[in-house]
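What follows is a set of notes on a single structure, which appears directly below.
No lab work stands behind these numbers, since they all come straight from the coordinates. These figures come from a predicted structure and were not determined experimentally. With ideal geometry, Cβ positions are generated from the backbone for all residues, glycine too; neighbour counts draw on all protein chains shown.
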Amino acid sequence: MKKILVLIFFISSLLQAQYTINGTMTPTIKSDWVILYKIEGARQKFVQNTKIKIDSVEYLGKKQAIGTFTFTLPKDTKIGSYRATYKLEGAGFVDFIFNKEDVSFGFHPDYPNQSITFSVSNENIFYKQYLDAISKAQQTLDSIQVKALQNPDLDLKAPYKTAYTNINNVQNSYLKAAKNMYVKPFVQASFRNSSSEIIDNPKKYMSNMVSTFFDRMDFNNKALLNSSFLVDRITDYVFYINYSEDPNTQQKLYKESIIKVMSKIKNNPFKKDVIEFLISQFETTMNLDLIDYLFDNHYNKLPESIQNKKFKDEKQKLFAAEIGRIAPNFSWKENGKTLELSKLNDAENYLLIFWSTGCSHCIREVPQIHKLLKENKKVKVIAFSLEQNDFAWKNYKKTLPNWHHVLGLNKWENKTARTYNIVSTPSYFVLNKDKKIIAKPDQLKDVKAFLEKL
């Protein structure tokens, strides 16, 4: 009997040592799963997943479907920042802090950050209250500053001073209350370094914001490093705070902001993650100049043991045949001679076509291009045919005289085709005399339109 009581007590203590994370989304979404990650720098580490349970509640006299989910965490779960992801695109996640306590929250799945409320968890409730309070105080201060910029004749020094004193009082009271809490560095870092006096022109205002943006952020603090906080602020600083409508100025601002960010980060693994994150962001707009800049001036200067060779190789291959790049070189046999793309000098521009004799679109489009360029001496075509064998190609190329013809065996697995990221035929590349890629027309009409401009 004594052994049974001990066993019951042991099992009970194990159950009590577990923690639960409860989420409620109103309304629910068309998804079955929520995935829990631990945030570590600019990366996220899988923890576990769980199913969404669909319930129905009465709201304003109508039935509304809500989604609930629960994660059960063991007693040895690490303290830190976590993310519950419920859809893979858009704002499909909620972040929270875990510090050895249960966490319960509710949110609207379409705008989680703005709608999230915590009902259980001292750390998260406190931090959310702080953010609401400091945001309200900051908005009051900013509204006075904006009025002063819009109308310099107004005397707003007194109300600005009052608002400035208030926002500092709010900050100090929450900092004091957070003395022994995990969220203290977040409270410290969330406070903007506002000017103690009204700034009299917009340029000075933006200059002050840019120069003081990171002043209260400790880039050596482990809690901040292992959260989304610093990456989110870096994103704001690089892509939104430093902004210009002029493209050339914007490129310069990007580089200046990146230099400032890198000067703040002393932790090399975190720096690597941030650079990879920024490269991925610039990839969405194919800003090759900034991607090259990040690799050449920052990533490649990290210790080799930290660099991710696979990441570098994948990105270099991905961007090898983009507009603005020198077309990757290749060679072929023609009339008993070996020719190279990089050494061709028989035209002012070149049209590189990846095609195939087994492609119906190619058989329709390629002859039209041949007819279009028959009398054009300024453009030379390099027809790179992706084939399994040379039988059909040998005969078909005779119908396309005065072109450079290249046979690419192994079709989709052809090395040159893979270098150019060819996934369909025909694929078109327009090159200038230096073999720089100046256009990648999608369709025949686009090819014709671009060639007419040359």
Cα-based reach from Lys453 at 15 Å (exclusive), listing aspartates and glutamates while leaving out same-chain residues under 8 positions away: Glu348
In Å and on Cα atoms, what radius of gyration and Dmax does segment 222-283 show? 11.9, 38
Cα-based Rg of segment 121-200 normalised by 2.2 N^0.38 Å, two decimals: 1.24
Taking the Cα centroid of segment 26-75 and of segment 307-341, what is the distance between the two, rounded to the nearest whole Å? 45
Taking the convex hull of Cα positions in the chain, its mean projected area over all directions (nm²): 35.2
Cross-link partners among aspartates and glutamates for Lys51, C-alpha distance below 14 Å, same-chain residues fewer than 8 apart left out? Asp32
Taking H as built 1.01 Å from N, whose amide H comes closer than 5 Å to the amide H of Glu387, not counting residues under 5 places away? Gly408, Leu409, Asn410, Lys411
Can you tell me the convex hull volume per residue for segment 195-241, based on C-alpha atoms, in Å³ to the nearest whole number? 75
Find the centroid of the Cα atoms in segment 360-429 and in segment 120-185, then give the distance between the two in whole Å. 65
What is the dipole size for segment 121-200, taken about its Cα centre, with +1 at each Lys and Arg Cβ and -1 at each Asp and Glu Cβ, in debye to the nearest 20? 380
Among the listed pairs Lys87/Lys272; Lys337/Lys371; Lys266/Lys317; Lys38/Lys184; Lys333/Lys374; Lys45/Lys222, which are separated by more than 25 Å between their Cα atoms? Lys87/Lys272; Lys337/Lys371; Lys266/Lys317
When the charge dipole of segment 312-454 is computed with +1 on Lys and Arg Cβ and -1 on Asp and Glu Cβ about the Cα centre, the Cα farthest towards its positive end, among Asn402, Leu431, Ala392, belongs to Asn402
With 0.36 nm assigned to each residue of separation and the Cα-Cα distance removed, Thr72 to Val120 gains 15.8 nm
Taking N as the residue count of segment 57-136, its alpha carbon Rg divided by 2.2 N^0.38 Å gives 1.22
In whole Å, what are the Cα extents of segment 280-397 along the three principal axes, biggest one first? 54, 32, 31
Ignoring solvent entirely, what values of log10 I(q)/I(0) come out of the Debye formula for segment 201-339 at 0.13, 0.14, 0.18 Å⁻¹ when each Cα is a single scatterer? -0.65, -0.73, -1.10
Sites Leu344 and Gln48 - FRET efficiency at Förster radius 51 Å, r taken between beta-carbons, to 0.05: 0.35
Note down the magnitude of the dipole of the chain about its Cα centre, charges +1 on Lys and Arg C-beta and -1 on Asp and Glu C-beta and zero elsewhere, to the nearest 20 debye. 1040
Per 10 Å bin, what percent of the C-alpha pairs of segment 331-453 does each bin hold, from zero upward? 13, 49, 36, 3
Go through Lys161/Lys255; Lys204/Lys315; Lys78/Lys312; Lys252/Lys315; Lys378/Lys411; Lys63/Lys128 and tell me which ones have a Cα-Cα distance over 27 Å in this structure. Lys161/Lys255; Lys204/Lys315; Lys78/Lys312; Lys378/Lys411; Lys63/Lys128
Relative to the compact globular guide of 2.2 N^0.38 Å, what is the alpha carbon radius of gyration of segment 87-128, as a ratio? 1.18
Cβ-Cβ cut-off under 12 Å around Tyr82, Lys and Arg +1, Asp and Glu -1: the net charge is +1
